[in-house]
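The values are calculated or read from the model by the stated rules, or taken from the named source; none is laboratory data. Computed from a prediction, not measured in an experiment: that's the story for all the values here. Cβ coordinates were reconstructed from backbone atoms using ideal geometry, including for glycine residues, and neighbour counts include every protein chain displayed.
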Amino acid sequence: MNSVILTGRLTRDPRTSYSQGADQTAITRFTLAVNRRFAKEGEPTADFIECVCFKNQAEHASRYYKQGTKIEVRGRIQTGSYINRDGQKVYTTEVVIDEMDFAESKAAADQSRSQAPQAPEPQAAQTPAPAPAPQMTPKQARETGQFMAIPDEVEDFGLPFN
C-alpha cells in the first residue's frame, strides 16, 4: 500500500498554476519541512518533501497556507522522470495529496510567528506548558494542544518511556 502521512511547516508560500485546455485545473505545489525524530551529529534535522495537490485542495492551499504554516497531509508517493533542457534525465519524487489539514490553531501559529524572531535561546531553555487538569476530556486536550494528565493508578510498566 502506498500511503503517506506527514506533518510539517511550509518552507515558502505555495505556488499555484493552472492546466491548459478548456477545463483548467488548479495545481498547487509546496515543500514541507518535516522534522526528523532522531538525527545524528552532522546530519540534517529535517527532510524537505515536495508536495502537490489539485482542484479544490489546490485552491484552498493557495488561499490559506503561507510560509511557516504547520499542516498535516495524507496522500501517496509518486515518482516520475523527465528530460531537462540539457538532455539529462531527471528523476522526481513527490507526495500527491489526498487530504490536508491545519496542524495547529491560528492562535498557536500567530504566537510561534511572533516569538520566532525574538527567541534566540534554544528550545530546551523554554519552560513547558503546565499540564491540564485531570478532568479534561481527550477531545478538549486535542483542541487545546495539551496533554491529559495520567492518573497515578495507571501502571506504566512496559511503556517505552518512564
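Just name the residue that is surrounded by the most Cβ atoms within 10 Å (Cβ to Cβ) out of those in the stretch 11-57 that are touching a Phe, Trp or Tyr at 6+ places or on another chain (Cβ under 7 Å) and assigned to a loop (DSSP other than H, G, I, E, B).
Among those that are touching a Phe, Trp or Tyr at 6+ places or on another chain (Cβ under 7 Å) and assigned to a loop (DSSP other than H, G, I, E, B), it is PRO14.
Do you know which residues across the stretch 58-73 are without any contact (Cβ under 8 Å) to a residue 60 or more places away in the chain and either β-branched (Val, Ile, Thr) or not in a loop (DSSP other than H, G, I, E, B) (or both)?
Selection gives ALA58, GLU59, HIS60, ALA61, SER62, ARG63, TYR64.
Taking ASN2 as the residue in question, decide whether it is polar (S, T, N, Q), more than 19 Å from ALA109 (Cβ to Cβ), in contact (Cβ under 8 Å) with a residue 40 or more places away in the chain and not in a strand (DSSP E or B).
Yes.
Test ALA26 against the criterion of being within 12 Å of ARG9 (Cβ to Cβ) and of a type outside the set (S, T, N, Q), and give yes or no.
Against the criterion (within 12 Å of ARG9 (Cβ to Cβ) and of a type outside the set (S, T, N, Q)), ALA26 does not qualify.
Here's the yes/no breakdown for (1) modelled with pLDDT under 95; (2) surrounded by fewer than 10 Cβ atoms within 10 Å (Cβ to Cβ):
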position	(1), (2)
ARG74	no, no
VAL90	yes, no
THR127	yes, yes
GLU143	yes, no
VAL154	yes, yes
